[in-house]
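Below is one structure, written out as structure tokens, with a few remarks after it.
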């Protein structure tokens, strides 16, 4: 365009040329680095960026033969359907509430474990207990689901065996939606507490030793020491971890829910269905690609807005803690 | 310091310490217990398991479940081969790319590093969701029933790259690269010859993360591999077995067949032992790296 346009002032032209040359030299310098990034860039282009326009499915009446852009456009019909049927509200409520419960319980227990581990002075005990605590983090959720079934099933489950041993009546866990929030919170703790407590424990290791010694010399009790030195030193770690989780508060842990509850246990869905499990079932069991995509669309957009908002607020209040 | 400890051992401190021992022992045991029960149940007879429930020590010891799994044209051997191949190739390729990108992104003389970082980081904030991803894989890339559908999506993750970047930045000074490049080495050669061997602890940790991801992978396998695939990855095999056994049991229940004769429950447990065994075995060897990895890599990018 520029070259054809004779009316451009000479000064501007020169400037353009100079900035282009600057770009060229910086590009030349960056070239070897960019080449080394190519595999990663291609990977994310294909598996992360290429699917993004596919969100358009949420606005079509999708059929597999037509493909993403060959299916008829229906506007906001899918979004209207999931909103008016009340499905979306319930799913969002479940997802957010579960994530909040996970967030609070797991950080409380992780911090407790880290602080207690720090007080326990026997190094062997520390090491051994840490390796047991982190064991659940190494296994797949499929196995977690199997453990869950072994504990909670009503024919030969461990829970009922224990209850009956103490003269109580057995319970039908798999047909009782009310107990599942507790079970899922518990299982989530079991799987993740060890890992999280190590993160916090590491933060404690980096704590200011001199301050602790000074406190001891001044006669601070253990409780005071924990309250005024140990806990505050965990604050930055905690804030960053919580911020990271808030951004993902609309993202359900599919593996946990799907393996613990099972895909076909409809009785439990009211209290255990989260966005991820609904999307998955809508797509794979019922082939409702458009409905699934509509729910997914809402999740992605709101999740994104949520991250940006939290980050903006954090940036204003405490810039050091901002994620980006 | 030692003197102080003796003087200042107050009552609240002792109480907290005792509570710590008790509480943590309790938690550690509750983490270990399911694994012990799993192993014990896999050696139990089906009858005892179904009628009397789970025990910490098998009431009637038998290896029948393992015999059932391993006899004939056993599916599990194929599953092992597939899982091991996926884990080894995935970890090898993924680790190399992750390290290379992490190294480049922490080079202060790479002017576009922030742009590339943003390009990666954005994918953790926003995604197209399951439907477009599924359609891309099946309809456009035609990877249905192809092991590549399991291998490729898990190769690289933005978090691992960020972790790697932090590792290298904090543990290898930039002067190492500068010195090499004054001697005429290109950044790629510097990376291969110097940086890659120097970042062994980081490679061990992140490699472990990636390998664990592949070993425990079942989601993409479930999405993209159906019954026409001969050998399923171990976790998918286990998943199918758990659900297929339920299905079998249900369909047999009304037909007056002795369900107890089929070792469904013990086979599940034995498969779980076989699918998890290698991880638990390798665990003491890699635990050191794992814990240091969580500790050093930390969260912020």
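Do we have residue B:93 as more than 8 Å from every other protein chain (Cβ to nearest Cβ) and under 26 Å from residue B:169 (Cβ atoms) here? Yes.
Screening residue A:143 on (1) within 17 Å of residue B:37 (Cβ to Cβ); (2) not in a helix (DSSP H, G or I) shows it passes everything except condition (2).
With respect to the conditions (1) modelled with pLDDT of 90 or more; (2) surrounded by 23 or more Cβ atoms within 10 Å (Cβ to Cβ), residue B:192 falls short on a single one, namely (2).
Of the candidates B:137, B:163, the single residue that is at pLDDT below 90, more than 8 Å from chain A (Cβ to nearest Cβ), crowded, with 21+ Cβ neighbours inside 10 Å and part of a helix (DSSP H, G or I) is B:163.
Each row is one residue, and each column tells you yes or no for (1) at the interface with chain A (Cβ under 8 Å from one of its Cβ atoms); (2) surrounded by fewer than 16 Cβ atoms within 10 Å (Cβ to Cβ); (3) in contact (Cβ under 8 Å) with a residue 60 or more places away in the chain.
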{"residue": "B:29", "(1), (2), (3)": "yes, yes, no"}
{"residue": "B:52", "(1), (2), (3)": "yes, yes, no"}
{"residue": "B:61", "(1), (2), (3)": "no, yes, no"}
{"residue": "B:69", "(1), (2), (3)": "no, no, yes"}
{"residue": "B:76", "(1), (2), (3)": "no, no, yes"}
{"residue": "B:84", "(1), (2), (3)": "no, yes, no"}
{"residue": "B:111", "(1), (2), (3)": "yes, yes, no"}
{"residue": "B:119", "(1), (2), (3)": "yes, no, no"}
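Picking from residues in region B:204-251 that are buried (at least 20 other Cβ atoms within 10 Å of the Cβ) and outside any helix (DSSP H, G or I), the one that is modelled with the lowest pLDDT is B:232. The residue that is nearest to the other protein chains (Cβ to nearest Cβ), counting only those in region A:44-60 that are in contact with a helix residue (DSSP H, G or I) (Cβ under 8 Å, 6 or more places away or on another chain) and under 16 Å from residue B:115 (Cα atoms), is A:44.
Looking at residue A:92, is it within 13 Å of another protein chain (Cβ to nearest Cβ) and surrounded by 15 or more Cβ atoms within 10 Å (Cβ to Cβ)? No; evaluated as a whole, the condition is false for this residue. Of all the residues in region A:274-299, those that are out of contact with any helix residue (DSSP H, G or I) (no Cβ under 7 Å at 6 or more places or on another chain) and either within 7 Å of chain B (Cβ to nearest Cβ) or modelled with pLDDT of 90 or more (or both) number 1. The set of residues from region A:102-133 being farther than 28 Å from residue A:223 by Cβ and either surrounded by fewer than 16 Cβ atoms within 10 Å (Cβ to Cβ) or more than 7 Å from every other protein chain (Cβ to nearest Cβ) (or both) comprises just one member, A:102.
The values are calculated or read from the model by the stated rules, or taken from the named source; none is laboratory data. Bear in mind the structure is a predicted one, so any value in this text is a computation, not a measurement. A quick note on method: Cβ atoms are made from the backbone with ideal geometry, for glycine too, and the neighbour counts reach across all protein chains shown.
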